[in-house]
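Reviewing the structure listed below.
The values are calculated or read from the model by the stated rules, or taken from the named source; none is laboratory data. If you're wondering where the values come from, they're calculated on a predicted model, not measured in any experiment. Positions of Cβ are backbone-derived with ideal geometry, glycine not excepted, and every protein chain shown enters the neighbour counts. Just the protein is used for accessible areas: all its heavy atoms, side chains included, with ligands, DNA and RNA removed. Shrake-Rupley method; radii C 1.70, N 1.55, O 1.52, S 1.80 Å.
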Amino acid sequence: MKKKKEGLGRLFQIAGQRKCLLVVAGVLSALSALCMLVPYWAVYGVMRELLTHAADLAAVDSRLLVSYGWQAFGGLAAGLVLLYGSLMASHVAAFHTLYGLRVCLAEHIGRLSLGFLSNTSTGAIKKTMEQNIEKIETFIAHTIPDMVGVVATVTFLFVIFFSLDGWMATVCLACIVVSVLLQYANFMGRKARDFTATYYDTQEQMSASAVQYVRGMPVVKVFGQSVRSFRHFHDEIMNYKTWALKVCDTYQNGLVAFTVLLNSLVTFILPTGLLLLSREPDNVALAAVWLFFIIMGPGAASPVYKLMFLGGGTREIDECVKRLDRILDRQPVPEPVSPETPQAYDIEFRHVSFAYENSGQQTRTEALRDVSFHARQGEITALVGPSGSGKSTVASLIPRFWDVGEGSILIGGVDIRHIAQEKLMDLVSFVFQDTFLFYDTIYENIAVGRHVSREEVERAARAAQCHDFIERLPEGYDTRIGERGVYLSGGEAQRVCVARAILKNAPILVLDEATAFADPENEYRMQQALQELIRDKTVIIIAHRLQSIISARQIVVMKEGRVVQTGTHQVLSTVSGTYKRMWDAYTDATRWELTNQPASAGY
Ligand SMILES: Nc1ncnc2c1ncn2[C@@H]1O[C@H](COP(=O)(O)OP(=O)(O)OP(=O)(O)O)[C@@H](O)[C@H]1O
Ligand SMILES: [Mg+2]
């Protein structure tokens, strides 16, 4: 396999070919740097002319001086025009690269397993897509031309220095080389790198702690934990302070030496020039060169200084690209080579085992073990079991949020891995345990981009028992959720999601605690409506309130990731086992208020 590139190389590999534009930007930037030196060269020319005729100023060639003036002006103007061209080219390259990266990331994320997206915090993906990409923009548009310009300036300057006087040029070069080496030892060593990593980590921990402190404020206040919670935040700040001071302590000597040495070039140029002049006091040309060095020496220091800071940007880019790769390296859901289309819609789980991969800690959470059951078409299959027994996991395997570890899931006899992803999505309608509403109108939240008539949306909303409260909203179906104080309660939001699933009218309907928030009357009416809608469909319902699944044709009882019982309510509630214990506890709990007897022990 081809070795994977890193850093900038990898960046261009991802984003396509924009290298030529960047080369143009680099060349223009270097030429601009050269032109920007012309005014200094002109000043040197003027000084030399003046010094040569110092005794008799009337002999100064004024036409020559004027021509130097024009040269300086021309150099500066050309420099600015070239710089403009360079920045234009680099910005075009940057935005093309960004476009390439965003499209590439968005397409890739679209192909990833839905499970990965629900598991990875959306914050992390958002950060990668926004901040890291912004950094890449700055780097390509500004840092690259800047760096080329700075390197070119230093190179041209030293070419001039050496052509004027070898001794003074060597002194300047030695100063710069020693200070750069000092700085390199300071920041680039392995120890320094680890040190910086820890420093950034503490910084991240501190900001995470700050976010948690603010976000968790309601819980903290209600439970009277303000002091304890603040102490945690405070500790993180102190931890950061300790590291920040350590960083200052460690780097201060090196940094001071670097800065002082770099900025004291004149200190070395002066005696060197004096020494040279003392040997030939009448050499006017040497005096002019000496003056040139005194003026331009410090000028060489500032680009070197800039270069050191720009160098930091390169490391940041490596980090950004690494983070992008972390997303791009994830394998998309494999599409079948020759997709099959199921003719029936019953669902069969055959010896399915599944474990969640916890990518952060390299561990696995075993969620399902040898799960087998058959959900027939036109019937309701209910999944029940204690919290954490794997019900939602079973449901999420049907639309391939994850792929099974062992065994297989079949729809109408076809392994779901042989069904095209898009087709599978058409087949399955899903109401999640945690609802998600778009920041959009109620109408759009139910229709989700499909072109359906208002009547159809209303019919679905009526079936889901949400038509009445929608009508009461300020603008009915056109009310935007989250705007002007319109928020839905948990139950209302869930019913909107049920309406969405009803409208999709897919042959398979999976409801994960879809009626959990509904009040008993709404739940009853919703079930009546569902009875109508689910004829010929395969329905899987997950419910904690056992009352709501009594009429299911089949109840699959789960415990610790296994199927422990299957059957109807009538049968299961009479034989001893998990379901009977759950049912007894459930009826005890609902009777509790009347009899005031404690509910019997758990499952
Ligand atoms: N995204 C995930 N990553 C890692 N482990 C998970 C993930 N989701 C669930 N689990 C683990 O898998 C097991 C089964 O979880 P699941 O959500 O399927 O239970 P459940 O029966 O739906 O529970 P509840 O009734 O509370 O909704 C649990 O032990 C849980 O910790
Ligand atoms: Mg669940």
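Can you tell me which residue is nearest to V384 (Cα to Cα) among those in region 460-516 that are modelled with pLDDT of 85 or more and within 16 Å of ligand 2 (Cβ to nearest atom)?
D512
Starting from residues that are charged (D, E, K, R) and open to solvent by 10 Å² or more (accessible area, probe 1.4 Å), keep the ones in region 385-408 and report whichever is farthest from T435 (Cα to Cα).
E406
Which of the residues belonging to region 287-325 are within 27 Å of N132 (Cα to Cα) and polar (S, T, N, Q)?
T314
Among the residues of region 444-464, which ones are open to solvent by 80 Å² or more (accessible area, probe 1.4 Å) and not in a loop (DSSP other than H, G, I, E, B)?
Result: R454, E455, R459, R462.
Quick one: which residue in P281, P218, P271, P298 is in the same structural domain as F139 (by TED's automatic domain parsing) and surrounded by 14 or more Cβ atoms within 10 Å (Cβ to Cβ)?
Just one listed residue meets the conditions, P298.
Step by step: first the residues of region 374-399, then only those that are part of a strand (DSSP E or B) and in contact with a helix residue (DSSP H, G or I) (Cβ under 7 Å, 6 or more places away or on another chain), then the one that is nearest to ligand 2 (Cβ to nearest atom). Which residue is that?
Going through the qualifying residues, I end up with L383.
When D434 is evaluated against the numbered criteria (1) within 13 Å of ligand 2 (Cβ to nearest atom); (2) free of Cβ contacts under 8 Å to residues at least 24 places away in the same chain; (3) part of a strand (DSSP E or B), which criterion, by number, is the only one it fails?
(3) is the only condition that D434 fails.
Which condition does S353 not pass, out of (1) loosely packed, with under 15 Cβ neighbours inside 10 Å; (2) out of contact with any Phe, Trp or Tyr (no Cβ under 7 Å at 6 or more places or on another chain), if it passes all the others?
Here S353 meets the rest and fails (1).
For region 534-573, which positions are within 18 Å of L503 (Cβ to Cβ) and either within 16 Å of ligand 1 (Cβ to nearest atom) or surrounded by fewer than 17 Cβ atoms within 10 Å (Cβ to Cβ) (or both)?
Correct list: R535, D536.
Would you mind stating whether E366 is open to solvent by 20 Å² or more (accessible area, probe 1.4 Å), free of Cβ contacts under 8 Å to residues at least 24 places away in the same chain and part of a strand (DSSP E or B)?
It is false that E366 is open to solvent by 20 Å² or more (accessible area, probe 1.4 Å), free of Cβ contacts under 8 Å to residues at least 24 places away in the same chain and part of a strand (DSSP E or B).
So, in region 410-433, how many residues would count as being closer than 30 Å to G490 by Cβ and buried (at least 18 other Cβ atoms within 10 Å of the Cβ)? Don't jump to the end; show me each part of the working.
Within region 410-433, the subset closer than 30 Å to G490 by Cβ is 424-433.
Still in the running and buried (at least 18 other Cβ atoms within 10 Å of the Cβ): 424, 427-432.
The qualifying residues number 7.
Tell me, which helices (runs of 4 or more DSSP H) lie completely within region 90-184 with 2 or more residues that are over 14 Å from the mean Cα position of the chain (by Cα)?
Numbers: elements: 114-119, 122-127, 133-138, 144-164.
Because the criterion is at least 2 residues that are over 14 Å from the mean Cα position of the chain (by Cα), the helices (runs of 4 or more DSSP H) in region 90-184 that meet it are 114-119, 133-138, 144-164.
Within region 404-462, how many residues are within 16 Å of ligand 1 (Cβ to nearest atom) and closer than 15 Å to D478 by Cβ?
Total meeting the criteria: 0.
I need a count of the residues in region 316-345 that are part of a loop (DSSP other than H, G, I, E, B) and open to solvent by 40 Å² or more (accessible area, probe 1.4 Å). First the steps, then the outcome.
At the first step, the residues of region 316-345 found to be part of a loop (DSSP other than H, G, I, E, B) are 329-345.
Still in the running and open to solvent by 40 Å² or more (accessible area, probe 1.4 Å): 329-332, 334-335, 337-341, 343, 345.
Count: 13.
Quick check: is even one residue across region 375-384 surrounded by 14 or more Cβ atoms within 10 Å (Cβ to Cβ), small (G, A, S), within 11 Å of ligand 1 (Cβ to nearest atom) and under 23 Å from R535 (Cα atoms)?
The answer is no; no qualifying residue exists.
Search region 301-315 for residues being in contact with a Ser or Thr (Cβ under 9 Å, 6 or more places away or on another chain) and more than 23 Å from L34 (Cβ to Cβ), and hand back the single one that is most open to solvent (accessible area, probe 1.4 Å).
So the residue we want is R315.
Which residues, taken from region 83-94, are open to solvent by 40 Å² or more (accessible area, probe 1.4 Å) and closer than 14 Å to V148 by Cα?
Within region 83-94, L83, L87 qualify.
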